[in-house]
Amino acid sequence: MKNRKCSVCDKEIRGRIDKVFCSPNCKSASQYENARESEDLYFKVDRQLKTNRKILKKYNKIGKTVLRRDVLQREGFNPNFFTHFRKTSAGDVYFYCYDYGFLKTEEITSKELKLKYLIVNWNGK
């Protein structure tokens with residue numbers, strides 16, 4: 001029979017062939033660590049969503065604003081984190097962080113391509 005090691009403490013496991021941990025303490029420690037990792041991810045996502053909303057709110061004072069992407073990203077805005085989205089009949093997709101949304105836009109000038117966001121406030125209608 002092959003010597004099996006506990007995945008938490010590396011002690012030899014005795015007993016059933018399908019046993020993974022050497023003791024209930026090691027099993028509990030493993031489950032606690034897995035739960036904590038998933039909570040950490042939840043808190044990181046929630047923190048980024050709240051940061052995004054705060055930044056969008058800061059720059060959107062009148063209900064509709066256009067701003068360069070680099071300005072938002074310097075403040076910590078990450079467009080990959082959003083709570084929901086809405087597709088318009090024109091085919092534009094607005095991404096929302098709670099009640100503030102943004103639409104990725106481009107402005108082509110004679111010299112360069114300017115990447116911007118159109119920031120809107122969702123009024124619930």
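Please treat every number below as a calculation from the coordinates, not as lab data. Everything quoted here is computed from the prediction, not taken from an experiment. Note that each Cβ is placed from the backbone with ideal geometry, even for glycine, and that neighbours are counted across all protein chains shown.
Quick look at the values:
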read-out	value
Filtered residues of the stretch 72-89 (kept if touching a residue at least 12 places away in the same chain (Cβ under 8 Å), surrounded by 12 or more Cβ atoms within 10 Å (Cβ to Cβ) and either out of contact with any helix residue (DSSP H, G or I) (no Cβ under 9 Å at 6 or more places or on another chain) or closer than 14 Å to Lys116 by Cα (or both))	Leu72, Phe77, Asn78, Pro79, Arg86
Unmet criterion (only one of (1) touching a Phe, Trp or Tyr at 6+ places or on another chain (Cβ under 8 Å); (2) of a type in the set (Ser, Thr, Tyr); (3) surrounded by 11 or more Cβ atoms within 10 Å (Cβ to Cβ)) for Tyr98	(1)
Residue within the stretch 64-74 that is farther than 12 Å from Val120 by Cβ and assigned to a strand (DSSP E or B) present	yes
Residue satisfying all of: in the stretch 11-60; closer than 30 Å to Lys104 by Cα and of a type in the set (A, V, I, L, M, F, W, C); nearest to the chain's Cα centre (by Cα) among these	Val45
Counted residues, the stretch 88-114 - those being over 30 Å from Phe43 (Cβ atoms) and either basic (Lys, Arg) or part of a strand (DSSP E or B) (or both)	7
